[in-house]
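Visitor: What follows is a structure written as structure tokens; I'll ask about it next.
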Amino acid sequence: MNASETTSAGPSRTCRACGAALQRSVADLGLSPLANAYVPADRVNRGEMFHPLHAYVCDSCWLVQLEAFETPEAIFSDYAYFSGFSAGWIAHAEAYVAAMQARFSLSPVSKVVEVASNDGYLLQAVVARGIPALGIEPAANVAAVARQRGIPTEVAFFGEETGRRLLADGHAADLMAANNVLAHVPDIHDFVEGFRILLKSEGVGTFEFPHLLRMIQERQFDTIYHEHFSYLSLGVVSNILAAHGLRVFDVQQGPTHGGSLRVFFCHAAAAHAETDAVARVLAEERAGGLFDPEGYAAFAEDVVAIKCATLTFLADLRLTHRTVCAYGAAAKGNTFLNYCGIGPELVGAVADRSPHKQGTRLPGSRIPVVSPEALLAMRPDYVLILPWNLKDEIASEMATIRDWGGRFVTAIPRLSVF
């Protein structure tokens, strides 16, 4: 179905931001398991739960979103993603902390709170500078790693209730960071209200999230998965913040996750002056069609074209007895493999640096996850890089495959062999 068409979405499909009925399809990716539900060896012979993976855009407020088929507790209480296994992401976090300290004069009397702090990948740089920090992380297994690194970490989901409790415990924040988490929140208003409560009167909050504009323009459909409830633009986020007495005063565009925004916000009455970047990015979003039904019209057809091109390429390699493995057992890769119907018959294994994923099978596709060293021992003819946003880092790390004539492949935004 074309995205410019509407479909009867039923009474249960309402926008999580404004409550309007959801009727306009952006992309229907069929049925898929949870993207981070890796299958351990002792469950390989058991079934998995698949849910519809169908993105809609709200015709009233333009939030792109999925239905919530699982609770955050089911998805995030025991999580397989550890930020600290990406050297690029660690460097990104360290640069962020240095910039925030310089810009907002953070010191040993300040307080930095990170929501969805994962394994302490970012707050370790805060603590190293002598600045008090607190992490809030719902996944107990991941929070345990942060605590081992000396990062004070609360195991909790963040929202109004948690914000009030932490305020009462003396954790009012000068800086609150939430990287790649706003999209993971089904009750987005409860989440944002927690920031209003915990942020000091002149405090600053930052959200980082993949930019919907880049997702649409570059056909990044693999960033759609059940753990991402929402797909965000500056315009939509600004309106949600405003509903809670918060305002955006700056925005930065960056390369992470295929193109992200870092949005700076504060209380409406705070002294932070709005930069010209806010109006500029909003104008780019309007010009890109994010607030117009026609802006989404071609996306679904191009997604099908990417699937067909990839399957044709992999089938030809199989029929000519050339081998393919993949790199990066990332959530986006699982969306891509399941939508395309790619299994071990076309991709023999996927390498990942995380020992928490090695020895498991990918959800749905059941491709085995191995170490990078094990993949190199297999000497594949091609390595399909699933987290294409890290392709340069991965190609450098795995450059040994060129010794036997191996080549790298990415499929988004179009098939590329290099």
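The values are calculated or read from the model by the stated rules, or taken from the named source; none is laboratory data. Quick caveat, the model's predicted, so the values are computed rather than measured. Don't worry about glycine lacking a Cβ; one is built from the backbone with ideal geometry, like all the others, and counts go over all protein chains shown. To get the accessible areas, we keep the full protein, side chains included, count just its heavy atoms, and leave off ligands, DNA and RNA. Shrake-Rupley method; radii C 1.70, N 1.55, O 1.52, S 1.80 Å.
Visitor: In a solvent-free Debye calculation with one equal scatterer on each Cα, what is log10 I(q)/I(0) for the stretch 218-322 at q = 0.15, 0.19, 0.25 Å⁻¹, listed in the order of the q values?
Guide: -0.79, -1.08, -1.41
Visitor: Once the Cα atoms of helix 299-319 and of the chain are each reduced to a long axis, what angle between those two axes, in degrees from 0 to 90 to the nearest 10, is obtained?
Guide: The angle comes out at about 40 degrees.
Visitor: Still on this model: Between 0 and 90 degrees, rounded to the nearest ten: what's the tilt of helix 331-340 against the longest Cα principal axis of the chain?
Guide: 40
Visitor: Rg and Dmax of the stretch 284-418 over Cα atoms: what are they, in angstrom?
Guide: 16.0, 50
Visitor: For the chain, what D do you get in µm² per second when you plug the Kirkwood radius from alpha-carbon pairs into Stokes-Einstein at 20 °C and 1.002 mPa s?
Guide: 97
Visitor: Under the rule of at least 5 residues apart or a separate chain, name every residue whose amide H is placed under 5 Å from the amide H of Glu154.
Guide: Here the answer is Gly135, Ile136, Glu137, since their amide H atoms fall under 5 Å of that of Glu154.
Visitor: Helix-derived [θ] at 222 nm for the chain: sum -39500 (n - 2.57) over DSSP H runs of at least 4, divide by residue count, nearest 500?
Guide: Theoretical 222 nm ellipticity from helices: -9000 deg cm²/dmol.
Visitor: Also, quick follow-up: Ratio to report: Rg/Rh of the stretch 98-225, with Cα atoms as the point set and Rh obtained by the Kirkwood method; give two decimals. Let's see the in-between values first.
Guide: On the way: Rg = 15.0 Å, Rh = 15.2 Å.
Rg divided by Rh gives 0.98.
Visitor: Starting from the exponent 0.38 and prefactor 2.2 Å, build the expected Rg for the stretch 187-269 from its residue count and divide its actual Cα Rg by it.
Guide: Against the compact-globule rule of thumb, the ratio is 1.13.
Visitor: Another question, if that's okay. Please list 223-233, 112-122, 293-303, 390-400 highest first by mean number of surrounding beta-carbon atoms within 10 Å per residue. Don't jump to the answer; show the numbers that get you there.
Guide: Working: 223-233: 23.0, 112-122: 27.0, 293-303: 17.5, 390-400: 15.6.
Top to bottom by mean Cβ count within 10 Å: 112-122, 223-233, 293-303, 390-400.
Visitor: Put a dot 7 Å past each Cα toward the Cβ at Asp169 and Ala98; how far apart are the dots in nm?
Guide: 3.2
Visitor: Would you kindly derive the ³J(HN,Hα) couplings of the stretch 51-62 from the backbone phi angles with the Karplus curve 6.51 cos²θ - 1.76 cosθ + 1.60 (θ = phi - 60°), listing them in order in whole Hz, with x for Gly and Pro?
Guide: 10, x, 10, 9, 8, 10, 10, 7, 6, 9, 10, 6
Visitor: Counting only the heavy atoms of the protein chains, how much of Thr162 is accessible to a 1.4 Å probe, in Å² to the nearest 10?
Guide: The accessible area comes out at roughly 20 Å².
Visitor: Expressed as a rounded percentage, what relative contact order does the chain have, with Cα pairs under 8 Å and six or more residues apart?
Guide: 15
Visitor: Turning to a different aspect of this structure: With a 1.4 Å probe and every protein chain kept in, tell me what percent of the accessible surface of the chain is carbon plus sulfur.
Guide: Values: 8500 of 16290 Å².
With neighbouring chains kept in place, the figure for the chain is 52 percent.
Visitor: A follow-up question, please. Please list, ordered by chain and number, the residues whose modelled amide H lies under 5 Å from the amide H of Leu63; skip anything fewer than 5 residues away on the same chain.
Guide: For Leu63, the qualifying residues are Cys58.
Visitor: Rounded to whole Å and ordered largest first, report the semi-axes of the equivalent ellipsoid of the stretch 250-308 derived from its Cα gyration tensor (root of 5λ).
Guide: Details: eigenvalues 195, 41, 16 Å².
In descending order, the three semi-axes are 31, 14, 9 Å.
Visitor: Here's another thing I want to ask about it. So for the chain, taking the charge dipole from beta-carbon charges (+1 Lys/Arg, -1 Asp/Glu), which of Asn389, Gly295, Gly348 sits furthest toward the positive end?
Guide: Farthest towards the positive end: Gly348.
Visitor: At 7 Å along Cα-to-Cβ for each site, give me the label-to-label distance between Phe69 and Thr275 in nm.
Guide: Rounded to a tenth, the inter-label distance reads 3.9 nm.
Visitor: Still on this structure, please answer the following. Identify the residues of the stretch 109-132 with backbone N under 20 Å of a label point that sits 7 angstrom from the Cα of Glu202 along the Cα-to-Cβ direction, or state none.
Guide: Answer for this model: 109-113, 131-132.
Visitor: Where does the stretch 346-401 land on Rg/Rh, using Cα atoms and the Kirkwood Rh?
Guide: 0.93
Visitor: Take every Cα pair under 8 Å in the stretch 279-391 that's 6+ residues apart, average their separations, divide by the length, and report that relative contact order as a whole percent.
Guide: Numbers: 143 pairs, mean separation 28.9, N = 113.
The value is 26 percent.
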